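Asker: Have a look at this one.
The values are calculated or read from the model by the stated rules, or taken from the named source; none is laboratory data. Bear in mind the structure is a predicted one, so any value in this text is a computation, not a measurement. Neighbour counts run over all protein chains shown; Cβ positions are idealised from the backbone, glycine included. For accessibility, only protein heavy atoms count, side chains too; no ligands or nucleic acids. Shrake-Rupley method; radii C 1.70, N 1.55, O 1.52, S 1.80 Å.
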Amino acid sequence: MASSSLSTKPFLGSSRTHSFSRLPSDLRPSPHISFRSSKLKKLQIQAAGSTYGNYFRVTTYGESHGGGVGCIIDGCPPRLPLSEADMQVELDRRRPGQSRITTPRKETDTCKILSGISEEVTTGTPISVFVPNTDQRGHDYSEMSTAYRPSHADATYDMKYGARAVQGGGRSSARETIGRVAAGAVAKKILKTLAGTEILAYVSQVHNVVLPEDLVDPYTLTLDQIESNIVRCPNPEYAEKMIDAIDVVRVRGDSVGGVVTCIVRRCPRGLGSPVFDKLEAELAKAAMSLPATKGFEFGSGFAGTTLCGSEHNDEFFTDEHGRIRTRTNRSGGIQGGISNGEIINMRIAFKPTSTISRKQHTVTREKKETELIARGRHDPCVVPRAVPMVEAMVALVLVDQLMAQYAQCNLFPINPDLQEPLSLPRLEPANV
């Protein structure tokens, strides 16, 4: 790239020359700023906003109405047994067209692993996963190419980039989460294999229908209970109420929001780091990066603010195995930003789907006021399909933190008086 000078013209957007002459000589900018190729390398931004993780890194790609979507997983440990079937189970839980309370878009979401696997085990090199789009209807978005959907990302994408993929919402579409769910399936398998960790999410609220916390036992909850109905609520009575609430707005062309609760059982102790990389902070960032999220809380959450310290504190005791435990779990399995081995529990709030087939006031890209009745196929409530998305993001956080803990705190023998191994006890072949 040829060198250029910024000294001969004012900065863009400036109507006058800046008074740099008033500054002390040692603070004045150089009159000539040259850009050379060697310097430009430092300015490069890699996959801005589309990559998560430090040790287990996941980059998602693709758009709702493009050729397909997927992910690149970098940093996966080698020799992990892995197949497309491992991912497909989770993708089938996320896919559209499952029932009358989800979007009618028909996609099989069949995944294909393109790299990183040899003889059915991971090789330690990047794993590429691709899922084709097969049921696009770009013509449904003709009105939305000029008129912004209220509370949707249409307007802000234009404000940021000055251009956007109109059909299907582009990267703001929930189809982007296919890559997260595929990568989350790998993370889940690592956690389950290494530490016996289980991650289960379920719908605990739809609109005004709230599932009482005491109706779900986090110690005995099973995936079969969650998957026993189309709304993914483990209580049959409240599941019917939630389905009815969605049906009411669905036939009116409207939408409702809800809450997904997620629990983590047998999470290794010691995950998370003090100050900026606290475990709950990482979980909050990951969960809030999902489409339509509006709130996050863990443990006692906002309700804990009404308690006194004597009521809120989780008292310690030593169990029959000599392990330090807590009698209550208002901390939500995390204290000081570090997992303590108790069940981690969190709740994520999702707003009503913004794309609805009811008349709304909006403006066009030309800033003219207008009315819009959005077409297309959209979920009347996102929370049933958000369940596997939440599980995936929690798994990505935990496996990244697990690898970080190994890298920092397990290079040397642990202190057995205070620490525990991160992995399950290794069984001799005769005992397997």
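Asker: Can you pull out every residue in segment 208-233 that is under 20 Å from D247 (Cβ atoms), buried (at least 18 other Cβ atoms within 10 Å of the Cβ), without any contact (Cβ under 8 Å) to a residue 60 or more places away in the chain and touching a strand residue (DSSP E or B) at 6+ places or on another chain (Cβ under 9 Å)?
Answerer: Hits for segment 208-233 are V209, L211, C233.
Asker: Need pairs with beta-carbon distance below 6 Å; first residue more than 24 Å from S172 (Cβ to Cβ) and within segment 334-355, second part of a strand (DSSP E or B) and of a type in the set (V, I, T); sequence gap 6+ or separate chains.
Answerer: E342/T326; I343/I263; I344/V264; N345/I263
Asker: Let me ask another. Suppose we filter segment 269-290 for residues that are part of a loop (DSSP other than H, G, I, E, B) and either crowded, with 21+ Cβ neighbours inside 10 Å or in contact with a Phe, Trp or Tyr (Cβ under 6 Å, 6 or more places away or on another chain) (or both); how many remain? Full working, then the answer.
Answerer: To start, the set of residues in segment 269-290 that are part of a loop (DSSP other than H, G, I, E, B) comprises 269-274, 278, 289-290.
Okay, now just the ones that are also either crowded, with 21+ Cβ neighbours inside 10 Å or in contact with a Phe, Trp or Tyr (Cβ under 6 Å, 6 or more places away or on another chain) (or both), so 270-272.
Total satisfying the criteria: 3.
Asker: How many residues does segment 105-135 hold that are within 30 Å of R250 (Cβ to Cβ) and either open to solvent by 70 Å² or more (accessible area, probe 1.4 Å) or modelled with pLDDT of 80 or more (or both)?
Answerer: Residues that pass the stated criteria total 9.
Asker: How many of the residues making up segment 375-403 are out of contact with any Gly (no Cβ under 9 Å at 6 or more places or on another chain) and over 16 Å from I226 (Cβ atoms)? Walk me through how you get there before you give the answer.
Answerer: First, pick out the residues of segment 375-403 that are out of contact with any Gly (no Cβ under 9 Å at 6 or more places or on another chain): 375, 378-379, 385, 387, 390, 398, 402.
Now drop any that are not over 16 Å from I226 (Cβ atoms), which leaves 375, 378-379, 398, 402.
So the count comes out to 5.
Asker: Please verify whether A386 is within 30 Å of T103 (Cβ to Cβ), at pLDDT 95 or above and open to solvent by less than 20 Å² (accessible area, probe 1.4 Å), treating the condition exactly as stated.
Answerer: yes
Asker: Also: Might you check whether a residue that is open to solvent by 10 Å² or more (accessible area, probe 1.4 Å), more than 26 Å from Q401 (Cβ to Cβ), touching a residue at least 40 places away in the same chain (Cβ under 8 Å) and not basic (K, R) occurs anywhere in segment 171-185?
Answerer: Yes, the conditions are met somewhere in segment 171-185.
Asker: May I ask you to list the residues in segment 227-243 that are at negative phi and part of a loop (DSSP other than H, G, I, E, B)?
Answerer: Here is the first cut: in segment 227-243, the ones at negative phi are 227-231, 233-243.
Once the filter is applied, which keeps residues that are at negative phi and part of a loop (DSSP other than H, G, I, E, B), segment 227-243 yields E227, S228, N229, I230, V231, C233, P234, N235.
Asker: Being touching a residue at least 40 places away in the same chain (Cβ under 8 Å) and touching an Asp or Glu at 6+ places or on another chain (Cβ under 9 Å) is the requirement here; does R330 meet it? Spell out how you get there, then give the answer.
Answerer: Working: touching a residue at least 40 places away in the same chain (Cβ under 8 Å): no; touching an Asp or Glu at 6+ places or on another chain (Cβ under 9 Å): yes.
No.
Asker: Being of a type in the set (S, T, N, Q) and either in contact with a Phe, Trp or Tyr (Cβ under 7 Å, 6 or more places away or on another chain) or free of Cβ contacts under 8 Å to residues at least 12 places away in the same chain (or both) is the filter here, so list the residues in segment 95-124 that pass it.
Answerer: S118
Asker: Looking at segment 260-277, is at least one residue closer than 25 Å to M403 by Cβ and of a type in the set (F, W, Y)?
Answerer: yes
Asker: May I pose another question? Evaluate segment 244-254: report whether one residue or more is assigned to a helix (DSSP H, G or I), hydrophobic (A, V, I, L, M, F, W, C) and out of contact with any strand residue (DSSP E or B) (no Cβ under 9 Å at 6 or more places or on another chain).
Answerer: yes
Asker: Which numbered condition in (1) open to solvent by 40 Å² or more (accessible area, probe 1.4 Å); (2) closer than 23 Å to V399 by Cα; (3) of a type outside the set (K, R) is the only one that S331 fails?
Answerer: It is condition (1) that S331 fails.
Asker: Continuing with the same structure: For segment 291-326: of the residues being open to solvent by 80 Å² or more (accessible area, probe 1.4 Å) and part of a helix (DSSP H, G or I), which is nearest to Q205 (Cα to Cα)?
Answerer: Checking each candidate, the answer is F302.
Asker: What residue, among those in segment 64-79 that are surrounded by 21 or more Cβ atoms within 10 Å (Cβ to Cβ) and part of a loop (DSSP other than H, G, I, E, B), is modelled with the highest pLDDT?
Answerer: C76
Asker: Moving on to the next point. Evaluate segment 94-116: report whether one residue or more is over 24 Å from V203 (Cβ atoms), assigned to a helix (DSSP H, G or I) and not aliphatic (A, V, I, L, M).
Answerer: No, every residue in segment 94-116 fails to be over 24 Å from V203 (Cβ atoms), assigned to a helix (DSSP H, G or I) and not aliphatic (A, V, I, L, M).
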